[in-house]
1. For residues that are assigned to a loop (DSSP other than H, G, I, E, B) and more than 15 Å from the chain's Cα centre (by Cα), scanning just the range 100-113, find the one that is modelled with the lowest pLDDT.
2. When the residues of the range 1-50 are narrowed to those that are within 16 Å of the chain's Cα centre (by Cα) and basic (Lys, Arg), which ends up nearest to residue 72 (Cα to Cα)?
3. When residues of the range 23-48 are filtered for being of a type in the set (Phe, Trp, Tyr) and either buried (at least 19 other Cβ atoms within 10 Å of the Cβ) or in contact (Cβ under 8 Å) with a residue 60 or more places away in the chain (or both), how many remain?
4. Hey, could you check the range 59-92 for residues that are touching a residue at least 12 places away in the same chain (Cβ under 8 Å) and part of a strand (DSSP E or B) and say which is surrounded by the fewest Cβ atoms within 10 Å (Cβ to Cβ)?
5. Among 44, 20, which is aliphatic (A, V, I, L, M) and within 28 Å of residue 97 (Cα to Cα)?
6. Please verify whether residue 56 is loosely packed, with under 11 Cβ neighbours inside 10 Å, under 16 Å from the mean Cα position of the chain (by Cα) and closer than 19 Å to residue 1 by Cβ, treating the condition exactly as stated.
7. Against the conditions (1) of a type in the set (S, T, N, Q); (2) under 30 Å from residue 110 (Cα atoms); (3) in contact with a helix residue (DSSP H, G or I) (Cβ under 9 Å, 6 or more places away or on another chain), where does residue 14 fall short? Just the number, please.
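The values are calculated or read from the model by the stated rules, or taken from the named source; none is laboratory data. On a predicted model such as this, the values are computed, not experimentally measured, just so you know. Quick reminder, even Gly has a Cβ in these numbers, built from the backbone with ideal geometry, and neighbours come from all protein chains shown.
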Amino acid sequence: VFAPTPAEVYPRGSPGGTVVVPRFVQGKSEDACRPHFFTGVATVCLKLFNICQPDVVVFGQKDAMQCSVISRMLEDLMLDLRISLVVAPTSREADGLARSSRNSYLTPGMRQS
């Protein structure tokens, strides 16, 4: 498993001098509450794709906007010529909640809402 340290991914600090800005999502979806979120996602994914040189990348469909950002980045930067994006179905917990590392932040009451 490749697990780089932040210093390896951001040798000049976060986010560095060059970033990927997916303009088509600005002000929409999660970007409306968390400006620059998808810039961070796209930038770190591009860095990891350049380091690892994958043939296939797999993203979960529960993060639809993230999938759109990655798909568009691959197309716009012509990386789709060598990297295939697979959008995997959402995996769910026994109670039907979509699996996510962020679920640990939910209280039992929040899970039931």
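1. Just the residues of the range 100-113 that are assigned to a loop (DSSP other than H, G, I, E, B), to begin with: 100, 106-107, 113.
Filter once more, keeping what is more than 15 Å from the chain's Cα centre (by Cα): 106-107, 113.
Numbers: 106: 91, 107: 90, 113: 71.
Once the filter is applied, the top-ranked residue is 113.
2. Applying the filter and picking the extreme gives 23.
3. Initially, the range 23-48 is screened for residues of a type in the set (Phe, Trp, Tyr), giving 24, 37-38.
Those left that are additionally either buried (at least 19 other Cβ atoms within 10 Å of the Cβ) or in contact (Cβ under 8 Å) with a residue 60 or more places away in the chain (or both): 38.
Adding up the residues that qualify gives 1.
4. Looking at residues that are touching a residue at least 12 places away in the same chain (Cβ under 8 Å) and part of a strand (DSSP E or B), I get 86.
5. Working: 20 fails: within 28 Å of residue 97 (Cα to Cα).
Only one candidate qualifies: 44.
6. Working: loosely packed, with under 11 Cβ neighbours inside 10 Å: yes; under 16 Å from the mean Cα position of the chain (by Cα): yes; closer than 19 Å to residue 1 by Cβ: yes.
Answer is yes for this residue.
7. (2)
Residues are listed down the side, and each one gets a yes or a no for (1) among the basic types (Lys, Arg); (2) out of contact with any Phe, Trp or Tyr (no Cβ under 8 Å at 6 or more places or on another chain); (3) more than 30 Å from residue 113 (Cβ to Cβ):
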| residue | (1), (2), (3) |
| --- | --- |
| 3 | no, yes, yes |
| 9 | no, yes, yes |
| 21 | no, yes, yes |
| 31 | no, no, no |
| 51 | no, no, yes |
| 55 | no, yes, yes |
| 86 | no, no, yes |
| 91 | no, yes, no |
| 101 | no, yes, no |
